[in-house]
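**Q** Next up is a structure, given as structure tokens.
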Amino acid sequence: PVLPGLVEAHTHLDKTFTLPRLGPLKPGLLAAIETMIADRLTWTEADVSQRAARALQWAFDAGVTRIRTHCDWWEPQQVPLAWGVLRRLADEWADRLVLERVSLIALPLFERRDDARALAREIAASGPGACLGGFVHTTNWNPQSLRHLLESAEECGLDVDLHCDEELNPAAAGLATTAALLREIGFSGRVVCGHTCALAAKAEGEALATLDAVARAPITLITLPTTNLLLQDATTGRTPRQRGLTLVKEARARGIPLLVSTDNVQDAFCRAGSFDPVEALAVGALAAQFEEPFDVWSQSVCRHDWLSRTPGSAPPLRAGAVADLVIFGATDAYLWPTRAQSRVVLRAGRVAAGAVPDAWIARATREAA
């Protein structure tokens, strides 16, 4: 199988590879947030840079050409240490991949319109590839804050990326409210809503009505199967009853752009991961029972244009496009292209990672003859 350059649509490079120093972990999303808040007090620029650069190398070797990272932003009027580090890494890696940054801001910080505008202006002035983001959850729910976030992004010409309804509370209204507000505002950019696990907990009619509204809005959904399987319905001493995934098949049936991504790697939120979107797709294929992941679902790991409106986000594999390709060693289209098999990453038609097996060269030579 051959795929265009991969897109890793939702990661957390500021948190990655912190697992070895965290000690025993409590189950669930909110417990993981508390653990990372405590660990963040120890971060230095060198620490974040070293961990994030390691992650970028892993992603590059996997065939990723565009990666988006969220950056925790919990304090008003205080730019996080990691935000500047990630900007420098974006510049350093610009000739190898595109690194986009999302400000993961607590929703209450948008409660006052002037504060929301100030945050949006801060993000817009922080360099290319920056998106305005927010954490939308029933623990901090405020529809007025969400309105201010979206209106401020529109005023500043920013795309938006939300952690949205990452829970199994059927009362969660973040996604439905976002879709309604975007139509009311006439939002001109692209909005990404990651997780949206609560859809799986809602009554069928309400969930499908929400997806109908999403289909009429400029929204891309992102599912994070590895992390959500770990964090949702998580308690000690009990097998989880719910998978915690959003309604991926129902979204696809409505033509909603949907991406599969890794999320957290080796931190308080997820012990596993390798910054390989194909690995995340493999987990999704099992958890969500994707039919024929190749080639029915493979677009979910390589459609850059579903992520943002930024330059270079056109659909892949158009005539005349740059030959950024990932070639897998499986000889049968029905075999899953795991990292245990040969994988060759081409950038502009040249080998950038992996080694071309002798058998490939021999076969090409025979076919050419």
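The values are calculated or read from the model by the stated rules, or taken from the named source; none is laboratory data. Keep in mind that this is a model prediction, so the values were computed, not measured. Every residue, glycine among them, receives a Cβ derived from its backbone with ideal geometry; neighbour counts consider all protein chains shown. Please note that ligands, DNA and RNA were not included when accessible areas were found on the heavy atoms of the full protein model with its side chains. Shrake-Rupley method; radii C 1.70, N 1.55, O 1.52, S 1.80 Å.
**Q** Collect the residues in the stretch 127-141 that are over 17 Å from C193 (Cβ atoms) and surrounded by fewer than 18 Cβ atoms within 10 Å (Cβ to Cβ), keeping them in residue-number order.
**A** Once the filter is applied, which keeps residues that are over 17 Å from C193 (Cβ atoms) and surrounded by fewer than 18 Cβ atoms within 10 Å (Cβ to Cβ), the stretch 127-141 yields G127, P128, T139.
**Q** If I filter the stretch 216-251 down to residues being touching a residue at least 24 places away in the same chain (Cβ under 8 Å) and basic (K, R), which single residue comes out as most open to solvent (accessible area, probe 1.4 Å)?
**A** So, considering only residues that are touching a residue at least 24 places away in the same chain (Cβ under 8 Å) and basic (K, R), the one most open to solvent (accessible area, probe 1.4 Å) is R216.
**Q** Pairs needed: first member in the stretch 75-98, over 21 Å from Q57 (Cβ atoms) and among the charged types (D, E, K, R); second member anywhere, part of a helix (DSSP H, G or I) and open to solvent by 20 Å² or more (accessible area, probe 1.4 Å); C-beta distance under 9 Å; at least 6 residues apart or different chains.
**A** E75/L109
**Q** Within the stretch 83-93, does at least one residue satisfy the condition of being surrounded by 18 or more Cβ atoms within 10 Å (Cβ to Cβ) and within 26 Å of S145 (Cα to Cα)?
**A** yes
**Q** So which helices (runs of 4 or more DSSP H) stay within the stretch 169-278 end to end and still have 1 or more residues that are of a type in the set (S, T, Y) and over 19 Å from the mean Cα position of the chain (by Cα)?
**A** 174-185, 204-215
**Q** Kindly check whether there is at least one residue in the stretch 118-130 that is in contact with a Leu (Cβ under 8 Å, 6 or more places away or on another chain) and in contact (Cβ under 8 Å) with a residue 60 or more places away in the chain.
**A** Yes; the residues of the stretch 118-130 include at least one that is in contact with a Leu (Cβ under 8 Å, 6 or more places away or on another chain) and in contact (Cβ under 8 Å) with a residue 60 or more places away in the chain.
**Q** Okay, moving on. Which residues, taken from the stretch 142-166, are surrounded by fewer than 23 Cβ atoms within 10 Å (Cβ to Cβ) and on the phi > 0 side of the Ramachandran plot?
**A** G157
**Q** Right, here's the next one. Considering the stretch 89-99 alone, what residues qualify as being farther than 20 Å from D47 by Cα and touching a Gly at 6+ places or on another chain (Cβ under 9 Å)?
**A** L97, V98
**Q** Taking only pairs six or more apart or across chains, which ones have beta-carbon atoms under 8 Å, a first residue in the stretch 346-360 that is farther than 15 Å from A321 by Cβ, and a second residue that is acidic (D, E) and not in a loop (DSSP other than H, G, I, E, B)?
**A** Cβ pairs passing all conditions: A353/D61; G354/D61.
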